[in-house]
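Nothing in this text is a laboratory measurement; each read-out follows from the coordinates by a stated rule. This is a predicted model, so every value here is computed, not measured. All Cβ positions, even for glycine, are placed from backbone atoms using ideal geometry, and neighbour counts span all protein chains on display.
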Amino acid sequence: MYPSKTYTVDEAQKRLEHYCAYQERCHQDVTQKLYDMRMIPEARDQIIVHLLAHNFLNEERFSKAFVRGKFRIKKWGKQRLKLELKRKEINNTLITIALKELNDQEYLETFHALAEKKLASIRETNVQKQRKKLADYLLYRGWESHLVYDKIRELIP
């Protein structure tokens, strides 16, 4: 195994500034990156404090960008968004603030369009299996169960 590169605190700080400037990051991402760079705990703390002080790292900004991006691109529902943010160790207050970014009308329009598109792609003749496939798909993507089951009753009578 090759010896891994070692970094001075200044070098690591510059790399992490670029890392955070390129895309919004959460504390967990930055901590993992520092750990991968084999930085000692004191240096990790010092760099994180620097990133916070200079606004390279901002969990609220990260949460909002994460929610907007995953909703628009991957069409995730609120349940999945909440779960993924918790996995990134974002606190509940910030999760609530980020989820308020979603426009309710756009949220429901996206849900309906996604459900109808998926139903059209299901090549199953058995009605129960159709319902199950659609429900599994929508629930996996994190859409609320009451929305999913109401939509299934509407689409597959």
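Recomputing Cα extents along the principal axes in Å from the coordinates shown identifies the correct label among (i) 65, 40, 22; (ii) 45, 35, 30; (iii) 47, 34, 25 as (i). Once you reduce segment 87-157 and segment 1-75 to the center of their Cα atoms, the two points are 32 Å from each other. Calculated FRET efficiency, residue 128 to residue 79, Cβ-Cβ distance, R0 = 25 Å: about 0.55 to the nearest 0.05.
The C-alpha atoms of the chain define a longest principal axis, and helix 41-53 lies at about 70 degrees to it. Computed on the chain, with alpha-carbon pairs under 8 angstrom and 6+ residues apart, the relative contact order is 21 percent. Of all lysines in the structure, the ones whose alpha carbon falls short of 29 Å from that of residue 100, not counting any fewer than 8 places away in one chain, are 64, 70, 74, 75, 78, 82, 86, 88, 117, 118, 151.
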